[in-house]
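Student: Below is the structure I would like to discuss, written out as structure tokens.
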Amino acid sequence: MTTEPAPNRRRLWALLLGVLLLAGGATAYTVRAAGARPDPGTATPDTGFMLDTGTPGALWFRDTATGRVARQDPGAPGGRMPLGPRCDRFHAAGGTALCLQLRPGVPARTYVLVLDRRLREVRRMSLPGIPNRARVSASGKVLAWTTFASGDSYATSAFSTRTSILDLRTGYLVKNMEQIPLTLDGRRHHAPDVNYWGVTFAADDNRFYATVATRGRTHLVEGDLKKWAARTLKENVECPSLSPDGTRIAYKKKVSTDPRAPWRLHVLDLATLRDHPLAEPRSVDDQAAWATPDSVAYAHDGAVWAVPADGTGAPDRLAAGASSPAVPK
């Protein structure tokens with residue numbers, strides 16, 4: 001029997017030791033890196049920071065610097081209070097808040113947190129995708145959210161969305177709106193490329209509006225939760241937001257093929273289906289929120305802005321370093 005020369009054995013052991021040290025160092029780095037990642041679920045709202053505090057018309061939003069939900073009262077411009085939970089997307093109404101948190105890891109996943117008026121967590125769900133849109137009905141009883149399943153921009157054609165609806169009255173969860181029967185241009189429509197996003201609810205918590213995309217076109221749809229049906233109303237409508245009186249839709253309209261600036265905010269009259277552009281010339285990629293019955297708020301270029309809904313006036317910056325505006329009633 002032959003034996004390996006001693007120098008060769010020593011080199012082999014040295015090589016093996018080096019590999020183990022490298023692996024150990026890599027493992028330690030991985031553990032440290034994972035531990036250093038901020039956990040969006042660790043920040044809880046400060047005591048007394050609630051949806052029903054502050055003056056009427058207070059603006060709520062995501063504070064970019066901290067990632068936490070903030071409030072800014074109209075009587076104290078600049079006096080923002082980022083004391084809420086950490087969220088990547090946020091919306092609130094009727095004493096209920098919806099918080100979407102991006103979870104670290106591959107593939108991407110989102111925590112969907114339902115919060116009460118004290119911003120305490122009452123329900124949590126984990127779903128695939130990247131947080132994109134969040135909406136709560138005026139009563140606070142019906143919620144909707146959208147995640148990107150793939151891709152990262154509505155300005156491209158290579159994206160897929162997953163939109164869910166949760167009825168807090170029954171606890172019923174629609175995981176994916178693609179199941180809803182769709183009538184397109186008066187005919188029942190079936191296609192594998194159907195995508196829904198940007199839901200907004202009427203005051204009755206039954207009727208809703210949303211965007212549906214199929215065959216390279218986008219449409220505004222009107223839906224009925226009880227009948228579980230949806231029909232298209234108008235083409236080229238994205239991210240609708242229903243006015244408090246239920247008569248108008250604020251939305252982004254594609255007005256250019258330039259992927260850097262494809263949209264412009266418009267308001268649609270639901271009775272006539274006629275629309276007009278708002279006095280915001282920049283391309284806004286957001287689902288607007290009605291700040292008042294006559295103005296809409298939206299996020300653009302790292303800030304929250306407002307503009308009159310009738311097409312007059314000029315954009316007014318409400319909060320710098322902010323996104324996901326909401327004015328809970």
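The values are calculated or read from the model by the stated rules, or taken from the named source; none is laboratory data. Everything numeric in this text was worked out from a predicted model, so none of it was measured. Glycine also receives a Cβ, built like all others from the backbone with ideal geometry; neighbour counts cover every protein chain displayed. Each accessible area value is taken on the protein alone, full model and side chains, heavy atoms only, with ligands, DNA and RNA left out. Shrake-Rupley method; radii C 1.70, N 1.55, O 1.52, S 1.80 Å.
Student: Hey, among the residues in region 285-309 that are of a type in the set (Val, Ile, Thr) and within 14 Å of Val327 (Cβ to Cβ), which one's most open to solvent (accessible area, probe 1.4 Å)? Write out each step before concluding.
Tutor: If we filter region 285-309 for residues that are of a type in the set (Val, Ile, Thr), which is where we start, we get 292, 296, 304, 307.
Pick out the ones that are also within 14 Å of Val327 (Cβ to Cβ) and you get 292, 296, 304.
Working: Thr292: 62, Val296: 1, Val304: 0 Å².
Result: Thr292.
Student: Does any residue in region 205-227 that is over 15 Å from Arg133 (Cβ atoms) come within less than 7 Å, Cβ to Cβ, of a residue that is among the acidic types (Asp, Glu) and outside any strand (DSSP E or B) six or more places away or on a different chain, and which pairs are these?
Tutor: From residues that are over 15 Å from Arg133 (Cβ atoms), the pairs are Thr214/Asp193; Arg215/Asp193.
Student: Just give me the residues in region 81-104 being part of a loop (DSSP other than H, G, I, E, B) and either closer than 17 Å to Val304 by Cβ or among the aromatic types (Phe, Trp, Tyr) (or both), in sequence order. Spell out how you get there, then give the answer.
Tutor: Within region 81-104, the first condition is being part of a loop (DSSP other than H, G, I, E, B), and the residues that meet it are 82-85, 87-88, 94-95, 104.
Result: Pro82, Gly84, Cys87, Asp88.
Student: Taking strands (runs of 3 or more DSSP E) that do not extend beyond region 209-251, which have at least 2 residues that are among the aliphatic types (A, V, I, L, M)? Before you say what the answer is, go through the steps one by one.
Tutor: On the way: elements: 217-224, 229-235, 238-242.
Output list reads 217-224, 229-235.
Student: Also, I was wondering about something else. Among Asp258, Asp224, which is the only one that is surrounded by fewer than 17 Cβ atoms within 10 Å (Cβ to Cβ) and under 23 Å from Gln179 (Cβ atoms)?
Tutor: On the way: Asp258 fails: under 23 Å from Gln179 (Cβ atoms).
Every option except Asp224 fails the conditions.
Quick grid of which residues meet (1) at pLDDT 95 or above; (2) assigned to a strand (DSSP E or B):
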residue: Pro259; (1), (2): no, no
residue: Arg264; (1), (2): yes, yes
residue: Ala271; (1), (2): yes, no
residue: Asp275; (1), (2): yes, yes
residue: Ala291; (1), (2): yes, yes
residue: Ala297; (1), (2): yes, yes
residue: Val304; (1), (2): yes, yes
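Student: Here is a follow-up. Taking region 196-226 on its own, how many of its residues are among the basic types (Lys, Arg) and within 16 Å of Thr161 (Cα to Cα)?
Tutor: Matching residues across region 196-226 total 2.
Student: Does Pro244 count as closer than 18 Å to Val136 by Cβ and surrounded by fewer than 18 Cβ atoms within 10 Å (Cβ to Cβ)?
Tutor: Values: closer than 18 Å to Val136 by Cβ: yes; surrounded by fewer than 18 Cβ atoms within 10 Å (Cβ to Cβ): yes.
Considered against the rule, which asks whether it is closer than 18 Å to Val136 by Cβ and surrounded by fewer than 18 Cβ atoms within 10 Å (Cβ to Cβ), Pro244 comes out as yes.
Student: Another question about this same structure. Scan region 96-128 residue by residue and report those that are more than 16 Å from Pro85 (Cβ to Cβ), of a type in the set (A, V, I, L, M, F, W, C) and open to solvent by 40 Å² or more (accessible area, probe 1.4 Å).
Tutor: Val106 - this is the single residue of region 96-128 that is more than 16 Å from Pro85 (Cβ to Cβ), of a type in the set (A, V, I, L, M, F, W, C) and open to solvent by 40 Å² or more (accessible area, probe 1.4 Å).
Student: Right, another one. Report, by residue number, each residue of region 178-205 that is within 21 Å of the chain's Cα centre (by Cα), surrounded by 12 or more Cβ atoms within 10 Å (Cβ to Cβ) and of a type outside the set (A, V, I, L, M, F, W, C).
Tutor: Residues satisfying the conditions are Glu178, Asn195, Tyr196, Gly198, Thr200, Asp205.
Student: Report every pair of residues separated by at least 6 positions or lying on different chains whose Cβ atoms are under 8 Å apart, first residue within region 312-329 and at positive phi and crowded, with 19+ Cβ neighbours inside 10 Å, second at pLDDT 95 or above and aliphatic (A, V, I, L, M).
Tutor: Listed pairs, sorted by first residue: Ser324/Ala134; Ser324/Ala299.
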